Amino acid sequence: MSATSRRVLAQTRFETLAVLRNGEQLLLTLLLPAIALVALASTDLVPLPGPRAHAALGSALAMAVASSFTSQAIAVAFDRRWGVLRMLATTPLGPRGLLAGKLGAVLVVLVVQTVLLGAIGLAVGWRPDGLDVVQVAGALALMVLGTGVFVTFALLVGGTLRPEAVLAIANLLFVLMVVGGGLVLPLDMLPGAVATVLAFLPPGALGEALRTLLADGTVDIVALAVLAAWAALGGVLATRAFRWDA
């Protein structure tokens with residue numbers, strides 16, 4: 001294993017433990033998606049494609065993926081304020097290594113989220129019987145690309161703005177994604193022109209694609225391309241604009 005790989009793995013381990021020890025981040029990443037899943041599957045307040053529990057699980061998984069944006073943006077911003085990133089800047093890790101470490105940690109936490117939400121999904125009526133290898137691969141690709149999008153933009157926001165601004169912006173954007181961004185609620189609830197635009201933004205593409213995949217088994221290739229493009233853009237912007245000091 002190369003020295004670079006060892007550094008990234010060490011950073012991934014550190015970032016994972018930091019998330020798991022942070023009660024506020026666990027609330028955001030684990031509890032809120034679980035509540036959303038139960039609420040969507042158990043009530044008729046929001047129209048969802050059937051089977052209802054399957055689409056609800058898709059929305060909850062999308063919410064779990066997007067929660068990494070808020071938690072990581074805030075963590076990065078305050079790490080800059082407290083000088084943690086200044087110390088990392090003296091190591092060979094670099095912005096790309098930091099990004100890789102955070103992405104790895106979020107993916108580890110996402111495995112925990114997926115297992116938890118899958119168990120809750122089974123309790124509220126979801127059944128994985130109809131899933132085949134292609135559909136499972138499609139779901140994994142959507143979630144990994146979505147994670148890439150939200151982590152890179154978290155580093156962009158957290159690595160360039162003041163912590164107080166990041167705290168407000170990250171929480172506001174998460175609420176907007178959940179309420180009207182297509183992340184949790186179907187895009188067909190919105191006006192046609194708005195829904196069309198949101199389908200090409202990360203929250204709408206991810207949420208709609210996961211709901212569609214779990215509800216009727218269709219893998220949305222366009223959504224995969226949209227998420228891949230946003231992840232690439234976010235990676236370029238984050239590595240170029242990231243600042244180690246506040």
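If the Cβ limit is 6 Å and pairs must be 6+ apart or interchain, which residue in the range 217-246 that is within 14 Å of Arg96 (Cβ to Cβ) and modelled with pLDDT under 95 pairs with which residue that is open to solvent by 40 Å² or more (accessible area, probe 1.4 Å) and not in a helix (DSSP H, G or I)?
Trp244/Ala89
Taking the range 186-204 as the search range and keeping residues that are modelled with pLDDT under 90 and not in a helix (DSSP H, G or I), which one is surrounded by the most Cβ atoms within 10 Å (Cβ to Cβ)?
Among those residues, the one meeting the criterion is Leu190.
Residue under question is Val219, and the condition is that it be open to solvent by 60 Å² or more (accessible area, probe 1.4 Å) and either touching a Gly at 6+ places or on another chain (Cβ under 6 Å) or in a helix (DSSP H, G or I) (or both); does it hold?
No: the conditions fail for Val219.
When you go through Arg96, Arg81, Arg13 one by one, which is the residue that is in contact with a Pro (Cβ under 6 Å, 6 or more places away or on another chain) and either in a helix (DSSP H, G or I) or among the polar types (S, T, N, Q) (or both)?
Arg81
Would you mind telling me which numbered condition in (1) outside any helix (DSSP H, G or I); (2) farther than 23 Å from Val157 by Cβ Arg243 fails?
Answer for Arg243: the failing condition is (2).
Tell me, yes or no, whether the range 64-73 has at least one residue that is within 25 Å of Asp216 (Cα to Cα), out of contact with any Phe, Trp or Tyr (no Cβ under 8 Å at 6 or more places or on another chain) and touching a residue at least 12 places away in the same chain (Cβ under 8 Å).
yes
Report yes if Leu224 is touching a Leu at 6+ places or on another chain (Cβ under 7 Å), part of a helix (DSSP H, G or I) and open to solvent by 40 Å² or more (accessible area, probe 1.4 Å), otherwise no.
Taking the combined requirement at face value, the residue does not satisfy it.
Scan the range 110-125 and tell me whether some residue there is surrounded by fewer than 23 Cβ atoms within 10 Å (Cβ to Cβ), within 25 Å of Val236 (Cα to Cα) and touching a residue at least 12 places away in the same chain (Cβ under 8 Å).
Checked against the condition, which is being surrounded by fewer than 23 Cβ atoms within 10 Å (Cβ to Cβ), within 25 Å of Val236 (Cα to Cα) and touching a residue at least 12 places away in the same chain (Cβ under 8 Å), the range 110-125 yields at least one hit.
Quick one: how many residues across the range 176-185 are assigned to a loop (DSSP other than H, G, I, E, B) and open to solvent by 20 Å² or more (accessible area, probe 1.4 Å)?
Summing the residues that are assigned to a loop (DSSP other than H, G, I, E, B) and open to solvent by 20 Å² or more (accessible area, probe 1.4 Å) in the range 176-185 gives 1.
What number of residues in the range 181-203 are farther than 11 Å from Ala66 by Cβ, touching a residue at least 12 places away in the same chain (Cβ under 8 Å) and under 21 Å from the mean Cα position of the chain (by Cα)?
Result for the range 181-203: 8.
Of Val157, Val144, which residue is in a helix (DSSP H, G or I) and open to solvent by 30 Å² or more (accessible area, probe 1.4 Å)?
Step by step, each of Val157, Val144 is checked, and only Val144 is in a helix (DSSP H, G or I) and open to solvent by 30 Å² or more (accessible area, probe 1.4 Å).
Exactly one condition in (1) closer than 18 Å to Phe174 by Cβ; (2) modelled with pLDDT under 90 is false for Ala34; which is it?
Answer for Ala34: the failing condition is (2).
Determine which member of the set Leu173, Leu210, Leu237 is touching a Leu at 6+ places or on another chain (Cβ under 9 Å), of a type outside the set (Ser, Thr, Tyr), part of a helix (DSSP H, G or I) and farther than 21 Å from Leu117 by Cα.
Working: Leu173 fails: touching a Leu at 6+ places or on another chain (Cβ under 9 Å); Leu210 fails: farther than 21 Å from Leu117 by Cα.
Matching residue, one of Leu173, Leu210, Leu237: Leu237.
Take the residues of the range 72-96 that are open to solvent by less than 10 Å² (accessible area, probe 1.4 Å) and of a type in the set (Gly, Ala, Ser): which is farthest from Met177 (Cα to Cα)?
For the range 72-96, the residue satisfying everything is Gly83.
Residue by residue, here is whether (1) open to solvent by less than 60 Å² (accessible area, probe 1.4 Å); (2) touching a helix residue (DSSP H, G or I) at 6+ places or on another chain (Cβ under 8 Å) holds:
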| position | (1), (2) |
| --- | --- |
| Ser5 | yes, no |
| Val19 | yes, yes |
| Leu28 | yes, yes |
| Leu31 | no, no |
| Leu40 | yes, yes |
| Leu48 | yes, yes |
| Leu57 | yes, yes |
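The values are calculated or read from the model by the stated rules, or taken from the named source; none is laboratory data. Quick caveat, the model's predicted, so the values are computed rather than measured. Cβ: placed from backbone, ideal geometry, glycine included. Neighbour counts: every protein chain shown. Remember, those area values only see protein heavy atoms, side chains included, never the ligands or the DNA or RNA. Shrake-Rupley method; radii C 1.70, N 1.55, O 1.52, S 1.80 Å.
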